[in-house]
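A short write-up of the structure that comes next.
Where a number appears in this text, it was derived from the coordinates with a stated rule and is not lab data. Fair warning: this is a prediction, and the values are worked out from it, not measured in the lab. Every residue, glycine among them, receives a Cβ derived from its backbone with ideal geometry; neighbour counts consider all protein chains shown.
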Amino acid sequence: MLQYDFRQAHLVAIDNVVFGYDQGQLKLLLFERNIEPSKGGWSLVGGWVKPDESVEDAAYRVLTNITGLSNLFMEQVEVFSKPDRDPGGRVISVVFYALIDIKAHDHQMVNQYGAKWWPVNKLPELIFDHGVMKDAALQRLRIKASRDLVGRDLLPAEFTLTQLRNLYNCIFMKEFDPGNFRKKIISLNALRRLDKKDLSESKKGAYYYKFKNKSADQFTERIINI
């Protein structure tokens with residue numbers, strides 16, 4: 001067996017790329033860093049992995065403590081392990097992305113931690129390699145949105161197809177044709193139309209929808225081709 005020098009042990013961290021959707025914008029939750037190095041810079045929601053927990057448990061713990069939410073949607077993105085990625089020392093970071101209902105989370109707790117929601121298309125410069133982490137997580141979200149109908153964790157419980165399409169526009173940063181998008185979504189049979197309308201956009205109004213059970217979120221063909 002090879003001998004290992006435990007004096008060279010590495011620190012293990014997690015970084016959460018936290019997406020939310022509010023006022024027609026896809027947003028990212030960021031912290032203003034209050035310690036060196038890069039004090040005053042903007043970073044992802046991160047923390048250290050404790051000796052008695054997995055990286056998954058650490059990511060969930062950090063995010064729950066900050067948002068006050070449980071039953072969060074999270075998926076691992078990838079591991080970032082370049083020796084010089086953190087100027088403070090040798091740190092290996094496991095990155096997750098999460099989808100948050102901005103209206104449902106604890107705003108006071110988020111403010112207490114000094115966090116802020118930023119539009120994804122108007123982000124400040126991020127510290128270290130956090131910008132690369134964000135890009136990797138956004139690509140993972142796009143892959144998921146192309147295969148599964150996302151929105152359950154981002155939209156209100158009742159929403160219009162226009163709101164769903166606007167969410168997809170924000171995720172993919174492109175405009176989808178309203179008619180084709182509506183036809184595709186209806187064909188999935190994953191939503192239940194309600195007997196109530198949103199009359200804020202027009203006199204005719206637009207029907208509200210709700211998601212059916214979660215088993216209807218995955219499909220045999222792609223929703224969006226990427």
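Mind checking the angle between helix 161-172 and the chain's longest principal axis? C-alpha axes, 0 to 90 degrees, to the nearest 10. Once rounded, one gets 30 degrees.
If you average the sequence gap of Cα pairs under 8 Å that are 6 or more apart and divide by the length of the range 105-226, what percent do you get for the contact order?
Working: 99 pairs, mean separation 35.9, N = 122.
The value is 29 percent.
When His105, His130 are arranged by Cβ crowding within 10 Å, least crowded first, meaning fewest neighbours, the order is His105, His130.
Classification of the range 6-147 by its C-alpha gyration tensor yields a rounded form. The axis ratio a/c (a ≥ b ≥ c) stays under 1.5.
Protection proxy ranking of 135-142, 112-119, 148-155, by the mean of other Cβ atoms within 10 Å over each peptide's residues and highest first, is 148-155, 135-142, 112-119. Helix 130-147 and the longest principal axis of the C-alpha atoms of the chain enclose an angle of approximately 40°. According to the square roots a ≥ b ≥ c of the eigenvalues of the Cα gyration tensor, what is the shape class of the range 161-217, taking rounded for a/c under 1.5, prolate for a/b larger than b/c otherwise, and oblate for the remainder? Oblate shape, in that a/c is at least 1.5 and b/c is the bigger or equal ratio.
What does the extension gain come out to for Asn34 and Ser70, with contour length at 0.36 nm per residue minus their alpha carbon separation? Each step should come with its number before you reach the end.
Details: separation 36, 0.36 × 36 = 12.96 nm, distance 2.67 nm.
Contour length minus the Cα-Cα distance gives 10.3 nm.
Using only Cα atoms and rounding to the nearest 10 degrees, what angle (0 to 90) does helix 178-187 make with the longest principal axis of the chain? For helix 178-187, the angle is close to 90 degrees. The listed peptides 58-66, 177-185, ordered by packing as a protection proxy, come out as 58-66, 177-185 (highest mean of other Cβ atoms within 10 Å first).
Rounded, prolate or oblate: which fits the range 22-84, taking a ≥ b ≥ c as square roots of the Cα gyration tensor eigenvalues, rounded meaning a/c under 1.5, else prolate when a/b beats b/c? Don't jump to the answer; show the numbers that get you there.
Details: a/c = 1.55, a/b = 1.04, b/c = 1.49.
It comes out oblate by the Cα gyration axes.
When the Cα positions of Pro37, Gln163, Val79 are compared along the charge dipole of the chain, Gln163 comes out farthest toward the positive end, with charges on each C-beta of Lys, Arg, Asp and Glu.
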